[in-house]
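See structure below.
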Amino acid sequence: MTSTAQAGHMLERARWAASAYSDYDGAAVSAIVDAVADAAYAASERFAAEAVAETGMGVVADKVTKNRACSRGIVDYYRGDDYVSPRVDEARKIVELPRPAGVVLALTPTTNPVATVYFKVILALMTRNAVVVAPHPRAKQCSADAARLLAEAAVAAGAPDGVVQVIEEPSIPLVQALMADERTDVIVATGGTGVVRAAYSSGNPALGVGPGNVPVFVDASADINAAAERIVDSKAFDNSVLCTNESVLIAEDAIAGKLSGALTRAGAHILDEDGARRLRAYMFADGHLNTDVVGRDAAWIAGQAGLRVTPKTRVLIAPFTDVIAEEMLAHEKLSPVLGMTTAADAARGVRAARAVVRIGGAGHSAAIHSESPAVITDFAAQVPVLRVSVNVGNSTGSSGLDTNLAPSMTIGTGFVGRSSIGENLQPQNLINWARIAYNGDAAVPMGNFAGINPWHSPAGPVPEYPRASNDRHGVPSQMRTAPRRSTPAHSTDLSLDALRAELRALVAEELAQLIKR
């Protein structure tokens, strides 16, 4: 079991790496990010299989898709975006310098373990941050294996030692200690409500997300066959472990019968009233979701509930009448089980979608299948979510895999969802910009900043993080302050004598501060 002291050493090592990495220029950062993305992409199939074997959740082929999207896919999406170089706005007389967060504590879930490790590590590296991955205990092996692979690729490409680390044996007390540690600069929390709330109450800056409970509305103008196929494909994708998966299907009365037939042809099994009752009793026996169903396939869930379906059944659809909190089928399910209800017209369908989101999923996402811009606009204006997917499966739509939204495994829910971000998590969320602002008077000239860049590429091998040694050449492990920017930690002229001089200066500085107190 990883101790709190060991985890503290990891944060110290990460702080050292973050300080060194923050001086790298764009070319060096791009080379590191590309190398890590390539290594991640190459291992996508292996880690997809490991994740399913360890967690029992999801579908290997779909996890491969997510792993690839969160490796080279992420890098290609942001190709050309610069999070390293200064930005000069001569018209406004402002120069902006990117300032990395520093040490990112990345909490990753059991539902999408490896894809989220890939995603958060690559975003951190794009923005010159160090990252410590804290995986969910039920996915610790595949998450740790993935993080180690990315760490090795980063260092081999020239990143500082310790820029990517992982907690091998996570526990609740340990993660709580990491979240509260002053050496953690920002927490990026993906997981259940409890994890996110703990991150926000840690005392450190946090970027958290809220739970989903996605309504999908099919109105009378929709292409019914296409809508049915997209909904079933989305609901079956990785057995619905993405929080963007559809939860409640609302069909306009005029097309409900036709839609039901199309859903059946697409691989769904629509339960009768007794089947829906038995499924509800199994999945919500004590008024809460039975987590055994999360990420399991439809036939397995049906069997556990005492229902007979064909092995090829992709999705179970359970009809119900009223969208109210007491109706458990209107809650999030994280499995290929879809609640279904009907509405007399489009206006009532929009109100039903609002009711679903009031039960859970505020700020998250919703989907609509329609050919009417007026209905789509009304839906987006009235349903309190921050992303609405149109004529696409929401699992891959709101996560940006099948739309032009930012590809992300971390979905911000904004103010209404009690989240600090409202967009899909992006690299820009992990940096601040320091602004040099000149006198706005046109008579006061602005200096010429063309070609000026305070960062540079490392000129040679990157030194390893100083570790304790019984040898007289060793460096004390009690070093608690990162290298000064005036002497970049990755510079080739940082010899052993320079390290000793640096340490003496740091000790003197600490003693001086103690005397002042």
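The values are calculated or read from the model by the stated rules, or taken from the named source; none is laboratory data. Because the structure is a prediction, the values reported are computed rather than measured. A quick note on method: Cβ atoms are made from the backbone with ideal geometry, for glycine too, and the neighbour counts reach across all protein chains shown. Heavy atoms of the whole protein, side chains included, go into the accessibility calculation; ligands, DNA and RNA do not. Shrake-Rupley method; radii C 1.70, N 1.55, O 1.52, S 1.80 Å.
Below are the figures for this structure:
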| item | result |
| --- | --- |
| Nitroxide proxy distance, nm - points 7 Å out along Cα→Cβ at ASP253 and ARG348 | 0.5 |
| Approximate spin-label separation THR4-ASN439, in nm, with each point projected 7 Å along Cα-to-Cβ | 5.4 |
| Helix axis angle, 373-382 relative to the chain longest principal axis, alpha carbon, degrees | 70 |
| Kirkwood-based shape ratio for segment 190-234, expressed as Rg/Rh from alpha carbons | 1.31 |
| Length released on extending from ASN290 to ASP34, taking residue separation times 0.36 nm less the Cα-Cα span | 88.1 nm |
| Solvent-accessible ranking of PHE119, PHE449, largest area first, probe 1.4 Å | PHE449, PHE119 |
| Tilt relative to the chain, helix 60-69 - C-alpha long axis, 0 to 90 degrees, to 10 | 50 |
| Equivalent ellipsoid, segment 369-430 (semi-axes from 5 times Cα gyration tensor eigenvalues, Å) | 22, 15, 8 |
| Distance in nm between pseudo-label sites at ARG265 and ASN432 (7 Å out along the Cβ direction from Cα) | 5.8 |
| By accessible area with a 1.4 Å probe, ligands and nucleic acids excluded, highest first: order of GLU182, GLU252, GLU169, GLU371 | GLU182, GLU371, GLU169, GLU252 |
| Cβ-Cβ FRET estimate between GLU273 and GLN141, R0 fixed at 35 Å, reported to 0.05 | 0.25 |
| Rg/Rh ratio calculated on Cα atoms of segment 304-371 (Kirkwood radius) | 1.00 |
| Fraction of alpha-carbon pairs over 18 Å apart in segment 1-160 - percent | 59 |
| Spherically averaged projected area in nm², based on the convex hull that wraps the Cα atoms of segment 249-353 | 6.3 |
| Cα point-scatterer Debye curve for segment 214-408, base-10 log of I(q)/I(0) at q = 0.08, 0.16 Å⁻¹ | -0.21, -0.92 |
| Most to least packed among 322-329, 451-458, 128-135 [average Cβ atoms within 10 Å] | 128-135, 322-329, 451-458 |
| With 10 Å bins from 0: P(r) over segment 69-177, alpha-carbon pairs, percent | 14, 40, 29, 12, 4, 0 |
| Correct choice for mean projected area of the Cα convex hull in nm² that was computed from the model, options [x] 34.5; [y] 28.1; [z] 53.5 | [y] |
| Ranked by how many other beta carbons lie within 10 Å on average, peptides 188-198, 390-400 from highest | 390-400, 188-198 |
| Ratio of Rg to Rh over segment 271-333 (Cα coordinates, Kirkwood Rh, two decimals) | 0.93 |
| Segment ALA450-GLU371, length gained on full extension (0.36 nm per residue, minus Cα span) | 23.5 nm |
| Considering only segment 278-426, percent of DSSP beta bridges that pair antiparallel, nearest 5 | 10 |
| Convex hull volume per residue for segment 36-124, taking Cα atoms only, in Å³ | 110 |
